[in-house]
Amino acid sequence: MKTTDLLATAVRNTFRSKLRTTLTVLALVVGSSTLTLTTALGAGVTDYVTRQVAALGADDVLVVTATAQDTSDGPAEYDPDRSTGGAAAAGPMAGPPGGGSLDDTSLDDLRAVAGLSDVEPIRTVSVDYVRAEDGGARYETTIAPTSSIASSDLAAGEQLDLTGDEPELVLPEDFLEPLDLGAAEDAVGRTVVLAVTDVLGEQHELVARLVGVSNPGLLSTGAGANNTLVEQLADLQGARREQPAVYSVATARFDPGADDQELQQIKDDVAAAGMTAQTVSDQLGIVTTVISGITGVLSAFAAVALFAAAFGIVNTLLMSVQERTREIGLMKAMGMRDGRVFALFSLEAAFIGLLGSGLGVLLAVGVGAPLSAWLAAGPLAALGGLDVLLFQPVSLLGVVLLIVAIAFLAGTLPARAAARKTPIDARRYE
């Protein structure tokens, strides 16, 4: 029997007992659709968190803070040389609770650490409001302290030119309607006005060009400003003349090609200098751990369904072998080898797996795609750019291939039983 004939026969035999095959396929549909949805959920959330991490800093950036004091014996006594007052940055880039500050000496120590470059403190400025240049209502905003190392999750426009001479701004998308800036694409290129108050209480305004519009962020908040805009705002605010040269956070770059051992050595050297260094991924490790845990639990339910479906395949094919015993004996009497008989029943199992996984994937995409769109536009609208269920072609193909492989392995037992039957025993079967 030719291979094409073998395939055609396997497909026909699958539908001999329609009810039994349908029930087995339905069990596979449940497992494959569940696995597809959990895989898409993990991919969607991971993609969103990855973009949020990129918005906090580059992969080759270490966030350096003063090492937190040990408070196990009670609160530490106030030390004016360590306190940063209100200068600490909020959010994932903030210094450790109860920690101290960095100063120019700390920055020099960092620059002396082998493997580090571009050591810079993160400067913060306090903005009173932002408004459209042609007037209108004024709205409170903040400048993200990570602008100097960040890349925004853009809805439109382009990233900040961090070395340019023109003051540039990236605004979150939820500012567009209040400022009457129109759609994201239309807002790019327009100018807005930022206001700061100096140490004498006088308010100053500064015009900046809007170069991009960002999706609302989960891990970072506020507008993004290039170095020129931050410098000009700080000059107007008089921050450098009034505040001591202490910083809550500094950043330093390392070789992105460094391996884990080299990176750990850099962190150890920084710790020896009395500071703590972390990559952004280190700071957000708990987030990714929680995501992995949730998707792992959900995938376990899919695994249970697939495990049950595998037994269904074994049962279906064993019954098929029993019902077709005389037919098997006739095929072997006509010269069909054991390997071809084994292949015939294995192909039937694989086809059942292909049928169940294909239908399950189609069902998951058909239900999940509109559900994801509804969630993104409704309950999760505040998380701009989030695809709750991200269906990736490679992942979908992987689910299908995995289930086909499981079905094939489940079919080896009945296929082996069929191949071992002898023509004489088979013809005696009633």
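The values are calculated or read from the model by the stated rules, or taken from the named source; none is laboratory data. Computed from a prediction, not measured in an experiment: that's the story for all the values here. Here the Cβ positions follow ideal geometry from the backbone for every residue, glycine too, while neighbour counts run over all protein chains shown. Quick note on the areas: whole protein, heavy atoms, side chains included, nothing else; ligands and nucleic acids left out. Shrake-Rupley method; radii C 1.70, N 1.55, O 1.52, S 1.80 Å.
Results for (1) more than 22 Å from the chain's Cα centre (by Cα); (2) of a type in the set (Val, Ile, Thr); (3) over 30 Å from Ile291 (Cβ atoms); (4) not in a helix (DSSP H, G or I), shown as yes or no for each residue.
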{"position": "Arg16", "(1), (2), (3), (4)": "yes, no, yes, yes"}
{"position": "Val25", "(1), (2), (3), (4)": "yes, yes, yes, no"}
{"position": "Val30", "(1), (2), (3), (4)": "yes, yes, no, no"}
{"position": "Leu41", "(1), (2), (3), (4)": "no, no, no, no"}
Across segment 33-47, the tally of residues that are farther than 10 Å from Phe391 by Cα and crowded, with 24+ Cβ neighbours inside 10 Å stands at 2
In segment 149-205, how many residues are hydroxyl-bearing (Ser, Thr, Tyr), more than 23 Å from the chain's Cα centre (by Cα) and closer than 21 Å to Val127 by Cα?
-> 2
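Residues checked against (1) out of contact with any Lys or Arg (no Cβ under 9 Å at 6 or more places or on another chain); (2) modelled with pLDDT under 90; (3) closer than 30 Å to Val49 by Cα:
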{"residue": "Leu317", "(1), (2), (3)": "yes, yes, no"}
{"residue": "Glu323", "(1), (2), (3)": "no, yes, no"}
{"residue": "Ala333", "(1), (2), (3)": "no, yes, no"}
{"residue": "Arg337", "(1), (2), (3)": "yes, yes, no"}
{"residue": "Leu344", "(1), (2), (3)": "yes, yes, no"}
{"residue": "Pro370", "(1), (2), (3)": "yes, no, yes"}
Give the residues of segment 366-389 that are open to solvent by 40 Å² or more (accessible area, probe 1.4 Å), in contact (Cβ under 8 Å) with a residue 24 or more places away in the chain and of a type outside the set (A, V, I, L, M, F, W, C), sorted by residue number.
-> Asp387
When segment 12-32 is checked residue by residue, the ones that are open to solvent by less than 60 Å² (accessible area, probe 1.4 Å) and out of contact with any Leu (no Cβ under 8 Å at 6 or more places or on another chain) are Ser17, Arg20, Thr21, Thr24, Ala27
Spot the failing condition for Arg190; the list is (1) touching a helix residue (DSSP H, G or I) at 6+ places or on another chain (Cβ under 6 Å); (2) farther than 19 Å from Ala144 by Cα, and only one is missed.
-> (1)
With respect to the numbered conditions (1) within 23 Å of Arg253 (Cα to Cα); (2) among the aliphatic types (A, V, I, L, M); (3) touching an Asp or Glu at 6+ places or on another chain (Cβ under 6 Å); (4) at pLDDT below 90, which one is the sole condition not fulfilled by Ala155?
-> (1)
Screening Ile294, Ile266 for residues that are touching a Leu at 6+ places or on another chain (Cβ under 9 Å), open to solvent by 80 Å² or more (accessible area, probe 1.4 Å) and at negative phi leaves only Ile294
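Quick grid of which residues meet (1) of a type in the set (Asp, Glu); (2) surrounded by fewer than 16 Cβ atoms within 10 Å (Cβ to Cβ); (3) within 30 Å of Ala377 (Cβ to Cβ):
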site	(1), (2), (3)
Gly135	no, yes, no
Ala155	no, no, yes
Pro167	no, no, no
Ser214	no, no, yes
Val230	no, no, no
Kindly list, by first and then second residue, each pair from a residue in segment 326-354 that is within 13 Å of Ala8 (Cα to Cα) to a residue that is open to solvent by less than 10 Å² (accessible area, probe 1.4 Å) and among the hydroxyl-bearing types (Ser, Thr, Tyr), limited to pairs with Cβ atoms under 6 Å and residues at least 6 apart or on different chains.
-> Glu348/Thr14; Phe351/Thr14
Unique residue being modelled with pLDDT under 60 and among the aromatic types (Phe, Trp, Tyr) when the list is Tyr78, Tyr48 | Tyr78
Where Ala137 falls short, out of the listed (1) modelled with pLDDT of 90 or more; (2) in a loop (DSSP other than H, G, I, E, B) | (1)
Tell me which residues, restricted to segment 169-208, are crowded, with 16+ Cβ neighbours inside 10 Å and assigned to a strand (DSSP E or B).
-> Leu169, Val170, Leu171, Pro172, Val192, Val193, Leu194, Ala195, Val196, His204, Leu206, Ala208
Just name the residue that is nearest to Glu177 (Cα to Cα) out of those in segment 116-133 that are part of a strand (DSSP E or B), open to solvent by 50 Å² or more (accessible area, probe 1.4 Å) and of a type outside the set (Ser, Thr, Tyr).
-> Glu120
How many residues of segment 390-417 are open to solvent by 30 Å² or more (accessible area, probe 1.4 Å) and in a helix (DSSP H, G or I)? The answer is 17
In the list Gly312, Gly274, Gly296, which residue meets the criterion of being closer than 30 Å to Ala407 by Cα, in contact with a Ser or Thr (Cβ under 7 Å, 6 or more places away or on another chain), among the small types (Gly, Ala, Ser) and modelled with pLDDT of 75 or more?
-> Gly312
